[in-house]
Amino acid sequence: MAAFLLLTAMAVMGINAWTLWSSWQQRITEREEDARNLAVSLAKQAEDAFLQVDITLSDAVRQLTQQGPDYAKTEAFSRQLKEQHGKLQQLHGLFIYDAQGNWIATSGNYIPSKGSNADREYFVWHRSHSDTSVHIGHVIRSRSTGEQVIPVSMRLNDSAGHFAGVALATVKVDYFRQFYGYYTLGARDVLGLILADTTVLYMRPLPDSVINRSLSASPLFRIALKTSASGSATWRSALDGIERIYGYARLEQYPLVVTAGYDRDRVQKAWLETNLTDVVLNLILLTMIMGMGVFILKQIRANVRNQLELTQVRDELTTINHTLQSMALIDGLTGLANRRQFDVVLEEGLQRSKKTGEPLSLIMIDIDFFKRYNDTFGHVAGDMCLKKVGGLLKGATHRHTDLVARYGGEEFAIILPFTSAPDARQFADRAVKVIRDAAIVHTSTELPERVVTISAGCGTIISNGEDNEAELLKKKADNALYHAKRNGRNRAQGEI
């Protein structure tokens, strides 16, 4: 009996140790998921912030290209810069410089008579690079206000394509300081915005002295980002030496990386505090087992068995629930939204259109001569064709509000909120070209290209709350699709 009780005590201690270890691993996993989700969310916010600046800057460059460089000196252009500045809270200012770095226009109240920015990194970069895309530079101090800003710039060319100056938008570092300040975090938890060249743009709550520091030695750039654009891992910070559980995400459109890190020691301390009571109770339970012998042993065995069964049932129910949710809204073949999700999103779009007065557009798409494709290559190849076409259509969208759905069979549908009829037609033309350029071989088609093509029809509506608006919009798009197919296929048709 003594040997039996000793073995029982050892087993109980082993189980408790395993439970504590599993609990700790679960806590680490939860924190890794929290950090990754937070990083992805902050990456989306940063991408939206810089996209707004990009669009504003591109519009200014387009006007100068069309109107000529002298247009930058007009009152109308200056007034427009001020209006655009007032619309974006992240903007510190908008500036236009000539080829010598002299100020030509600004959204501020004055232009320095002898001010020149020819020595700035972004100016030197554009002067030596012909690339006209947006350039995001290191943090600098504004010469007009002394604030820390992130320069976002574009090259200006003259009519002959030679360097004619720089269009600059400066984004306030304080904008990210304020936004990141909304999150309730521990004293040593961090949120950071970093350039893809490893340079720190802002890191909360570290001092400003870390701004423009290089993180080239950090595992974030040496290991993590080389394996995936987003994820989570634990490493010791190259800035302050604190070990944290990090989530990270690289922006899709801009050379930026966002990180979120939780202090590992703080996570461990909170976990220990949470489990301290369990440890004490387990020791009391062990003493009772030693005193009462076999009876308590049987009770524990029964309890462990019940707990394992409950855990298994819970896991099975969770798996079934996730599976049902996925099956309810996702098309099993293409991974796109299914018809049910399409109907829900369409109704939401109509309700939003009624509130905002903005147009809602729908594009109905049909693969040309798809039955012949199935007859020629077989249904397995047909399914692969549907998946590839669906993926190409999904890749053609850029806004998170757009929805690509498999409508049924070889039909697809794209919902475009806040999109006018001309813009919807332009998007549909681009979708037709994307599928055609993919050059998926289709020897059975009647079209001379001998590749898989699509026909698309567009419909647009501004909701006024009527019950049959969803059907009306689908009818408009279907009618346009019918005309596109009737007029030769491999084309898009606007609203009839």
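Distance from a point 7 Å along Cα→Cβ of Gln253 to each backbone N in the range 37-77: keep the residues under 13 Å and list them by number.
Within reach of a label on Gln253, which here means backbone N under 13 Å from a point 7 Å along Cα→Cβ, the range 37-77 contributes 44-59.
Just need the relative contact order of the range 35-268 here, percent rounded to a whole number, with Cα pairs under 8 Å and 6+ apart.
20 percent
Could you give the size of the charge dipole of the range 413-496 about its Cα centre, using +1 on the Cβ of each K and R and -1 on the Cβ of each D and E, expressed in debye and rounded to the nearest 20?
440 debye
Based on the alpha-carbon gyration tensor of the range 35-268 and its eigenvalue square roots a ≥ b ≥ c, which shape applies: rounded if a/c is under 1.5, prolate if not and a/b is larger than b/c, or oblate?
prolate
5 Å is the cut-off here: which amide hydrogens, built 1.01 Å from N in the peptide plane, fall below it relative to Leu201, excluding neighbours closer than 5 in sequence?
Leu193, Ile194, Leu195, Asn212
Relative contact order (percent) for the chain, with alpha-carbon contacts under 8 angstrom and 6 or more residues of separation?
11 percent
Quick check for me: using +1 on Lys/Arg Cβ and -1 on Asp/Glu Cβ, what's the dipole size of the range 35-268 about its Cα centre, in debye to the nearest 20?
That gives a dipole near 420 debye.
Rounded, prolate or oblate: which one fits the range 339-493, using the alpha carbon gyration tensor with axes a ≥ b ≥ c (rounded when a/c is under 1.5, else prolate when a/b beats b/c, else oblate)?
It is prolate, given that a/c is not under 1.5 and a/b is the larger ratio.
Roughly how many debye, to the nearest 20, is the charge dipole of the range 268-417 about its Cα centre, given +1 on each Lys and Arg Cβ, -1 on each Asp and Glu Cβ, and no other charges?
Dipole of the range 268-417, to the nearest 20 debye: 320 debye.
Be a star and scan the range 1-28 for residues whose amide nitrogen sits under 19 Å from the point 7 Å along the Cα-to-Cβ vector of Arg301.
1-16
For Leu403, enumerate residues with amide H under 5 Å from its amide H, sequence gap 5+ or separate chain, H modeled in the peptide plane.
Sorted by chain and number, the residues that satisfy this are Ile415.
Put +1 on the Cβ of every Lys and Arg and -1 on every Asp and Glu Cβ in the chain; which of Ala17, Cys385, Gln67 then has its Cα farthest towards the positive end of the dipole?
In the chain, that residue is Ala17.
Among Val404, Gly349, Ile242, whose Cα sits farthest toward the positive end of the charge dipole of the chain (+1 at Cβ of Lys/Arg, -1 at Cβ of Asp/Glu, about the Cα centre)?
Ile242
Less than 12 Å Cβ to Cβ from Glu471, Lys/Arg counted +1 and Asp/Glu -1: what total charge do the surrounding residues give?
-3
Rounded, prolate or oblate: which fits the chain when a ≥ b ≥ c are the square roots of the eigenvalues of the alpha-carbon gyration tensor, with rounded for a/c under 1.5 and prolate only if a/b beats b/c?
Taking the square roots of the gyration eigenvalues as a ≥ b ≥ c, the chain is oblate.
Relative contact order for the range 148-201: what percent, with Cα pairs under 8 Å and sequence separation of 6 or more?
Relative contact order comes out at 28 percent.
Can you list the residues of the range 4-19 with backbone N under 12 Å from a point 7 Å past the Cα of Met292, pointing along Cα to Cβ?
none
Taking only complete DSSP H runs, can you tell me which helices of the chain stretch 27 Å or more along their own long axis by Cα positions and average at least -1.0 on the Kyte-Doolittle scale?
Helix filter hits for the chain: 2-67, 264-292, 294-329.
Per DSSP H run of n ≥ 4, the term is -39500 (n - 2.57); total these for the chain, divide by its residue number, and report the mean residue ellipticity at 222 nm rounded to 500 deg cm²/dmol.
It comes out at -17000 deg cm²/dmol, rounded to the nearest 500.
Read-outs: derived from the displayed coordinates by stated rules, not from any lab. None of the values given here were measured: they were computed from a predicted structure. Note that each Cβ is placed from the backbone with ideal geometry, even for glycine, and that neighbours are counted across all protein chains shown.
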